[in-house]
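Quick notes on the structure that follows.
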Amino acid sequence: AWEVSGAAHTGYLNFRAFAAWTQEHLGLEYPLGLEGRNVGMRRCRFRHAGAGGNRCSCEGFVEAADSEGRAICACGHKPSMHRSDFAQRTYSAVLQDVTCSSWTEDQDGLVKVEDPEELARLQALMAHCHKTTDNWTRDRGCSLHGVNGCQLSCATRHRVAVPTDYQLVSAYRNQNHDLWTKYTIARSAIAEDCDRPCKDAHEKKLVASSGHTINAELDQTNNEWHLFHGSSPQRCKSICSTNFRLALAGSGATWKDAGKTTGTPLYGFGIYLAERITKADEYSSPLRPGEEQVAPVIPLDGDGEVFTLLLCRVMGGRTNVITTNEIEVDKLRKDVFEGPYNSVFGDREASLGKPFREVVVYDKDQCYPEYL
């Protein structure tokens, strides 16, 4: 099962992959049991022994307490027995029902954004998330030797200039039903996880994009964010098609030791996302004139270079906030896969004066590449 589900390659088996595996290989169509927002009444699903196994007639959870002070419904059954019709859906039903209301009907893949108001909101978000001071890191590179071409001391003396502004040339909405379904299942599972009692408190974290709505509200209570990821045009399009590939972590513009093809990212091998477009831009590369493109063809208008990046929805959930340089990479991953956390929030900006904060997730289903 570990091999067939793909877990041997990724190193983990998430909820969505497990549900898909049980359906395909065991023929099981159990309810997923995941609640969403605004799902209506949570009926009691308890069935009485005998008499045909009739279900409890309670139509909605009414909080009371048992003799020991534990939460229980007035019908006498515990909260876990109360689930909405939404939670009773099987994996097959979810695959059929999950859609995004803001999408253009009857179109799949990357759909060019034509609405002037939506484009204006994207441009405003880019401008708001640009950091204008203290915004250079070694991943931007040296003006003499490029990225990874010299020692840090040289790169610091000859810094590549940081852009002063970002202008939106074109935007594409990613209408990928498969990736969106996987993301919404992961989002529901993490939201339920955040609601469970835990000794590690769930902390709501705001990012630069918080409060800026593009087309639909995010679940800010459970740390759903809009974050940036910069890469080449080809890789951005590939991510929109098949999502991030963890096997490529550290192989891009991450700082590498001399002679090495892969660097070790600060918080281990995962998916790194930035709250600031200025940080994500460090990993973007320009579209070359005459370069063969995978559809859609991105136009090259004017004389300036055109770079690509992604605006992603990311479900951070209960996030592990890191504020020091004492980083145990293996423990960070273990605390996500085996512990209470769903993500890592690198926040050394205030405590150590670092230029940027960044978010890391180790499960690609927690990311949805929403805009190119």
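The values are calculated or read from the model by the stated rules, or taken from the named source; none is laboratory data. This structure is a prediction, so every number in the text was calculated from the model and none was measured. So basically every Cβ, Gly included, is an ideal-geometry build from the backbone, and we count neighbours across all protein chains shown. Areas reflect the complete protein model, heavy atoms only, side chains present, ligands, DNA and RNA absent. Shrake-Rupley method; radii C 1.70, N 1.55, O 1.52, S 1.80 Å.
Take Ile239 and decide whether it is β-branched (Val, Ile, Thr), closer than 28 Å to Arg288 by Cα and within 21 Å of the chain's Cα centre (by Cα). Here the answer is yes, as Ile239 does meet what is asked.
With respect to Gln234, is the statement that it is in a helix (DSSP H, G or I) and either surrounded by fewer than 20 Cβ atoms within 10 Å (Cβ to Cβ) or at pLDDT below 75 (or both) true? Yes, satisfied.
Total residues in region 237-265 satisfying the condition of being modelled with pLDDT under 90 and assigned to a loop (DSSP other than H, G, I, E, B): the figure is 18. The residue that is most open to solvent (accessible area, probe 1.4 Å), counting only those in region 315-344 that are in contact (Cβ under 8 Å) with a residue 60 or more places away in the chain, of a type in the set (A, V, I, L, M, F, W, C) and touching an Asp or Glu at 6+ places or on another chain (Cβ under 8 Å), is Val321.
Among Glu35, Glu59, Glu68, which is the only one that is in a loop (DSSP other than H, G, I, E, B) and modelled with pLDDT of 80 or more?
Only one candidate qualifies: Glu59.
Within region 193-219, being closer than 15 Å to Cys312 by Cβ and surrounded by 12 or more Cβ atoms within 10 Å (Cβ to Cβ) holds for Val207, Ala208, Ser209, Ser210, His212, Ile214, Asn215, Leu218, Asp219.
Might you let me know whether region 171-193 holds any residue that is over 24 Å from the mean Cα position of the chain (by Cα) and part of a loop (DSSP other than H, G, I, E, B)? No, region 171-193 has no match at all.
Residue-level check: of (1) of a type in the set (A, V, I, L, M); (2) in contact with a helix residue (DSSP H, G or I) (Cβ under 9 Å, 6 or more places away or on another chain); (3) surrounded by fewer than 17 Cβ atoms within 10 Å (Cβ to Cβ); (4) assigned to a helix (DSSP H, G or I), Leu144 misses just (4). If I ask for residues that are open to solvent by 50 Å² or more (accessible area, probe 1.4 Å) and either in contact with a helix residue (DSSP H, G or I) (Cβ under 9 Å, 6 or more places away or on another chain) or closer than 19 Å to Leu32 by Cα (or both), which ones from region 59-80 would you list? Across region 59-80, the qualifying residues are Phe61, Glu63, Ala71, Lys78, Pro79, Ser80.
Is it the case that His229 is at pLDDT 95 or above, open to solvent by 20 Å² or more (accessible area, probe 1.4 Å) and in contact with a helix residue (DSSP H, G or I) (Cβ under 8 Å, 6 or more places away or on another chain)? Judged against the criteria, His229 is a match.
When Glu370, Glu305, Glu326 are checked against the criterion of being in a loop (DSSP other than H, G, I, E, B) and within 23 Å of Val113 (Cα to Cα), a single residue qualifies: Glu305. The set of residues in region 168-192 being open to solvent by 30 Å² or more (accessible area, probe 1.4 Å), touching a residue at least 60 places away in the same chain (Cβ under 8 Å) and in contact with a helix residue (DSSP H, G or I) (Cβ under 9 Å, 6 or more places away or on another chain) consists of His177, Lys182, Arg187.
If you scan region 274-299, which residues turn out to be out of contact with any Cys (no Cβ under 7 Å at 6 or more places or on another chain), part of a loop (DSSP other than H, G, I, E, B), within 30 Å of Phe345 (Cβ to Cβ) and open to solvent by 30 Å² or more (accessible area, probe 1.4 Å)? Within region 274-299, Ser285 is the sole residue that qualifies. Leu309 meets all of the listed conditions (1) in contact with a Cys (Cβ under 8 Å, 6 or more places away or on another chain); (2) under 19 Å from Asn222 (Cα atoms); (3) open to solvent by 20 Å² or more (accessible area, probe 1.4 Å); (4) aliphatic (A, V, I, L, M) but one, namely (2).
For every residue, the table says whether it meets (1) within 30 Å of Thr181 (Cα to Cα); (2) in contact with a Ser or Thr (Cβ under 9 Å, 6 or more places away or on another chain); (3) surrounded by fewer than 14 Cβ atoms within 10 Å (Cβ to Cβ).
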residue	(1), (2), (3)
Gln107	yes, no, yes
Arg121	yes, yes, no
Ala124	yes, no, yes
Cys129	yes, yes, no
Asn148	no, yes, no
Ala155	no, yes, no
